[in-house]
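Worksheet for the structure shown next.
The values are calculated or read from the model by the stated rules, or taken from the named source; none is laboratory data. Here the structure is a predicted model, which means the values were calculated and not measured. Glycine also receives a Cβ, built like all others from the backbone with ideal geometry; neighbour counts cover every protein chain displayed. Please note that ligands, DNA and RNA were not included when accessible areas were found on the heavy atoms of the full protein model with its side chains. Shrake-Rupley method; radii C 1.70, N 1.55, O 1.52, S 1.80 Å.
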Amino acid sequence: MESFDADGNGSGDALPPPPPVPPNIVPETVAKKKDVRVPIARRGLGTKGQTIPLKTNHFKVNVSNAEGDFYHYSVSVLYEDGRPVTGKGVGRKVIDRVHETYDSELNGKNFAYDGEKSLFTVGPLPHNKLEFTAVLEDVTSNRNNGNASPDGSESPNWGDRKRMKRPYRTKTFKVEISFAAKIPMQAIANALRGQESENSQEALRVLDIILRQNASKQGCLLVRQSFFHNDQNNFVPLGGGVMGCRGFHSSFRATQGGLSLNIDVSTTMIIQPGPVVDFLISNQNVRDPASIDWAKAKRTLKNLRIKVNPSNQEYKITGLSEQPCRDQMFQLKQKSVKDGGEDVESIEITVYDYFVNRRQIDLRYSADLPCINVGKPKRPTYIPIELCSLVSLQRYTKALSTLQRSSLVEKSRQKPKERMDVLSSAIKKSNYGNEPMLRSCGISINSDFSLLDGRVLPAPRLKVGNGEDFFPRNGRWNFNNKKLVEPSKIERWAVVNFSARCDIRGLVRDLLKCANMKGIPIEDPFDVFEENPQFRRATAVVRVEKMFDMIQEKLPGAPKFLLCLLPERKNSDIYGPWKKKNLAEFGIVTQCIAPQRVNDQYLTNVLLKINAKLGGLNSMLAVEYSPSIPLVSKVPTIILGMDVSHGSPGQSDIPSIAAVVSSRQWPLISRYRASVRTQSPKVEMIDSLFKQVSDKHDDGIIRELLLDFYTSSGKRKPDQIIIFRDGVSESQFNQVLNIELDQIIEACKFLDETWNPKFVLIVAQKNHHTKFFQNGSPDNVPPGTVIDSKVCHPRNNDFYLCAHAGMIGTTRPTHYHVLLDEVGFSSDDLQELVHSLSYVYQRSTTAISVVAPICYAHHAASQVGQFMKFEETSDTSSGHGGMTSAGPVPVPQLPKLKDNVCNSMFFC
């Protein structure tokens, strides 16, 4: 065992021997402390594929001073009366003021301040605890804490105080800075050697904070690791008063090639700056101020910041006045001379009268509109709406509509060449070379893209019908003149039309013709059920019920399949209730379409989905057909894809949905089924993998999937379990490795104590900021490009793969992290398996950007999530998974799918 001094805590002297154990003591068996699993180390680099020279948006960082230390101090900023400052942005102003005022007491040290509770310096400050007083004028700018708002009792007469304004506005703060920890810069060098520690993560965090502070000083909006300049050229309107704002993400990363700064283009949503009325008209999509819904406006505007004309003061909106401006009264205090002495008297006056007659401000349209209130609940301060403009760079955090989202995607796309130009100019403009903190750490940042080599893996050979082999080209293939490898018969089926305008007879005729060409045996539909027009205005749930009444009345028995025509293309509210009715109540396979342009390609895609749902296969890998997948075809192997989907940002009370899909019918790796459960909102770890409900019974997801594998794979237990996990960040890897994997192991042991399968655990990440560019070509990297050197982790086993052909914008590679591999794959075999799994996705004839099991888990979670959407949640909606005085509210359970569809690829 290493000596006690190994981490610098002990004295280094040998410890005395332990006391002898008395003879009559039986040693207790102490529960052995479980070994904590950590991500495995890389086992070597892959070699297969054609080498291709690439550039990446990582910029090399040179660190010349590895000797010093960062000192971490905790900061508390208080008002004079001892209340903590909670307003955002005030902290930075106060700390800047301390820095200016007390420069000599601080030995001229530079600060890296995170805007909250932490401050870092290079080398120590003169004392471990320092207290300062800082005086600021005009802190209204950010989130008034009440005491910065004008004195509500005399409401909007700040103009009368013009001469006194400055001294009246000053505010005193107390700042306490106390030593918290010392972080050796050597930790960065250790991280680059693959020896990561708390210290190295902290040291890189300090570097990130320095860049954030640099951006903040330039007046940027900061969102996590991204920053956005206040530049009109970066704003694009998305409709509804929301704008996309383009900025940059930047973070320091330890890589095999040394320390690098990863810079990428980033987009966030902001509120359209400018006159409040213009924003409301745009937000509510109305013609003029008279049509504005003010109850809605009040909710939308609350807490937004405005600048007021002509004083140019900044305030936070607290509400709206009850009355329009011309009728809204307030108490105006004014001095009067009485009996030789001065007295203060209050008179009642309207806001309109005050501004127009006392202040001589011309109001063109505010008279009949509510005023903006920037005061406190008990002491309102009213300002006519036309004097108020929304401050720029205020984040919009609600969920976007479908239209806004597609507009955002379209407008933030950039071709590889354009993206490189934007990033190049950003790094040159950033002027990081002159950032004093970086200089004192001896850090310089290269302004050229890093160069590296990738490898292009050949596309896997596919099997289609009649035993034909098929080679995808450029990540795609088609079924022109080809038959499906395993067609499923489409029988006992009908068409259901929810008032979609469409030539249904023609559609059915073309569908039958197309199916025959693809080798799918198909009967004529039993009937076409047209929705009764009188229900068209009813709720979605009622429309679905009425349709089912009609189906049950007219069909001789339960149909096997229903083709459903929806009137809206995206987000039809019929979709959720319809799927729930079919899958959970009747066990009927269903395909929804909202046809616009019906051609051969469209019908083929629809048939691919129907065939997969009914149990057929469209194409498969040749190595799966012959079975010859290295290490997978020899030993029974189950492949799992795991994902959790959360409600959109504005919905904190919607349960999260966990989905796990599993391969079935080994040695196949193209057939899957899904198990889906709800869990507490926003919880990322899946909590129902193992759920022991009694001595004999486990109601968890994994047991269900393992039993299906056993029955579908000729009564074989899987001896290898390959898990693909989506959507977790690096900080959660250890939880996945130790908490989730433990649950999976428990579920296995619960089925059979003696069974010890081997595990492979791989995390796939899509939201990271590493991009690759072809050196000397404007095109995206070719499909199959894999990178496992240079920008990858110095120690851990990770690689980037662009399996798909990026048709628009810049390809986003998937970053795969192999956290555990007990099977012992070589780098080449594992990378090829992951590549192949991007080609078994039954819904399309293209390679996809992330392995199929993860895609399927994603679809299963979102489809079943639609079930929940229209539950009668009105009474309880605010409580899903939230807290009440009685404790956590139970998360509503999902309805179980009927047996005949739960093993199907219903999510296809």
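Expressed as a fraction of 2.2 N^0.38 Å, the rule-of-thumb size for a compact globular protein of N residues, what is the C-alpha radius of gyration of region 770-875?
Compactness ratio reported: 1.34.
From Cα pairs below 8 angstrom and at least 6 apart in sequence, can you work out the relative contact order of the chain, rounded to a whole percent?
It comes to 14 percent, rounded to a whole number.
What are the extents of the Cα atoms of region 724-772 along their three principal axes, in Å, largest first?
Between the extreme Cα coordinates on each principal axis of region 724-772 lie 46, 19, 11 Å.
Report the rotationally averaged projected area of region 52-132 based on its alpha-carbon convex hull, in square nanometres.
Result: a mean projected hull area of 8.4 nm².
With the convex hull built on the Cα atoms of region 522-615, state its orientation-averaged projected area in nm².
Working: hull surface 26.6 nm².
Averaging across all directions leaves 6.7 nm² for the Cα convex hull.
Which stretch or stretches of region 813-854 have amide N atoms under 20 Å from the point lying 7 Å from Arg569's Cα along the Cα→Cβ direction?
Residues passing the 20 Å test: 844-845.
Based on the Cα coordinates of the chain, what is the per residue volume of their convex hull in Å³?
Roughly 240 Å³ of hull volume per residue.
With a 10 Å radius around each residue's Cβ, average the other Cβ atoms per peptide and rank 263-271, 439-447, 534-542, highest first.
Per-residue Cβ counts within 10 Å, averaged per peptide and sorted highest first, yield 263-271, 439-447, 534-542.
Given a 1.4 Å probe and every protein chain left where it sits, what share in percent of the accessible area of region 661-717 is carbon and sulfur?
Accessible surface attributable to carbon and sulfur in region 661-717 totals 50 percent.
Could you give the distance between the Cα centres of region 195-217 and region 806-845, to the whole Å?
31
Between region 61-91 and region 395-468, how many Å separate their Cα centres?
31
Exactly which trypsin sites (Lys or Arg not before Pro) in region 199-279 are in a DSSP loop and have at most 12 other Cβ atoms within 10 Å?
Here the trypsin sites (Lys or Arg not before Pro) that fit, given the DSSP loop and packing criteria, are Arg224.
From largest to smallest, what semi-axes in whole angstrom does region 178-223 give when each is the square root of 5 times an eigenvalue of its alpha carbon gyration tensor?
One finds semi-axes of 25, 13, 8 Å for region 178-223.
Hey, any idea what % of region 494-639's accessible area is carbon plus sulfur with a 1.4 Å probe?
Of all accessible area on region 494-639, carbon and sulfur atoms account for 49 percent.
Short version: ³J(HN,Hα) in whole Hz for each residue of region 897-908, in order, from phi by Karplus 6.51 cos²θ - 1.76 cosθ + 1.60 (θ = phi - 60°), x for Gly and Pro, what are they?
Using θ = phi - 60°, the values come out as 6, 5, 3, 6, 10, 6, 8, 8, 8, 4, 7, 5 Hz.
Using only the Cα atoms of region 270-333, build the gyration tensor, take square roots of its eigenvalues as a ≥ b ≥ c, and label the shape rounded, prolate or oblate: rounded if a/c is under 1.5, else prolate if a/b is larger than b/c, else oblate.
In terms of gyration-tensor shape, oblate.
Run the numbers on region 462-552 and let me know its relative contact order in percent, using alpha-carbon pairs under 8 Å that are six or more apart.
About 29 percent, as a whole number.
Going by a ≥ b ≥ c, the root eigenvalues of the Cα gyration tensor, does region 370-528 fall in the rounded group (a/c under 1.5), the prolate group (a/b larger than b/c) or the oblate group? Please list the in-between numbers first.
Working: a/c = 4.38, a/b = 1.47, b/c = 2.97.
Cα axes put region 370-528 in the oblate bin.
First check a/c for region 564-664, with a ≥ b ≥ c the square roots of the eigenvalues of its C-alpha gyration tensor; if it is under 1.5, answer rounded, and if not, answer prolate when a/b is larger than b/c or oblate otherwise.
On the way: a/c = 2.26, a/b = 1.33, b/c = 1.70.
It comes out oblate by the Cα gyration axes.
When the accessible area of region 749-851 is computed with all protein chains present and a 1.4 Å probe, what percentage of it is carbon and sulfur?
Whole-percent figure for carbon plus sulfur exposure: 45.
Taking Rh as the Kirkwood radius computed over C-alpha pairs, what is the Stokes-Einstein D of region 230-322 at 10 °C in a medium of viscosity 1.306 mPa s, expressed in µm² per second?
100
Please identify the chymotrypsin sites (Phe, Trp or Tyr not before Pro) of region 809-849 that satisfy two criteria: DSSP loop assignment and at most 15 other Cβ atoms within 10 Å. Which are they?
Qualifying residues, ordered by number: none.
Quick one: Debye curve from the alpha-carbon atoms of region 705-848 only, equal weights, vacuum; give me log10 I(q)/I(0) at q = 0.10 Å⁻¹ to two decimals.
Log-scaled intensity ratios, in q order: -0.42.
In Å², what does the accessible area per residue of the chain work out to with a 1.4 Å probe? Let's see the in-between values first.
Details: 42500 Å² over 908 residues.
Using a 1.4 Å probe on heavy atoms only, each residue of the chain averages 47 Å².
Assuming 0.692 mPa s and 37 °C, estimate D for region 170-307 with Stokes-Einstein, Rh taken as the Kirkwood radius over Cα pairs, in µm²/s.
Rounded to a whole number, D works out at 176 µm²/s.
Cα atoms only: what Rg and Dmax, in Å, come out for region 208-280?
Computed over the Cα atoms of region 208-280, radius of gyration and Dmax are 14.9, 54 Å.
To the nearest 10 Å², what's Glu386's accessible area with a 1.4 Å probe?
Estimated to the nearest 10 Å², Glu386 gives 40 Å².
Determine by what factor the alpha-carbon radius of gyration of region 322-447 differs from 2.2 N^0.38 Å, reporting the quotient.
Here the answer is 1.93, to two decimals.
Using only alpha-carbon positions, what ratio does the radius of gyration of region 403-481 give when scaled by 2.2 N^0.38 Å?
For region 403-481, the normalised Cα radius of gyration is 1.96.
³J(HN,Hα) across region 579-587 via Karplus (A = 6.51, B = -1.76, C = 1.60, θ = phi - 60°), whole Hz, x for Gly/Pro?
Values, residue by residue: 4, 4, 4, 6, 7, 8, 9, 10, x Hz.
List the chymotrypsin sites (Phe, Trp or Tyr not before Pro) within region 683-779 that DSSP assigns to loop and that have no more than 13 neighbouring Cβ atoms inside 10 Å.
Listed in order of number, the matching sites are Trp755.
Give the long-range amide H neighbours of Ile723: residues separated by 5 or more places, or on another chain, with amide H under 5 Å away, using H modelled in the peptide plane at 1.01 Å from N.
So Ile723 has HN proximity to Leu640, Val760, Leu761, Ile762.
Out of every Cα-Cα pair in region 642-745, what percent are more than 23 Å apart?
Values: 1708 of 5356 pairs.
When every Cα pair of region 642-745 is considered, 32 percent fall beyond 23 Å.
Between Asn466 and Ser401, what FRET efficiency follows from the Cβ-Cβ distance if R0 is 56 Å, with the result rounded to 0.05?
Plugging the Cβ-Cβ distance into 1/(1 + (r/R0)^6) gives 0.75.
Over all distinct Cα pairs, what is the inverse of the mean 1/r for region 724-808, reported as the Kirkwood hydrodynamic radius in Å?
15.8
May I ask which of Lys580/Lys696; Lys482/Lys570; Lys489/Lys579; Lys302/Lys682 have a Cα-Cα span longer than 27 Å here?
Those over the limit are Lys580/Lys696; Lys482/Lys570.
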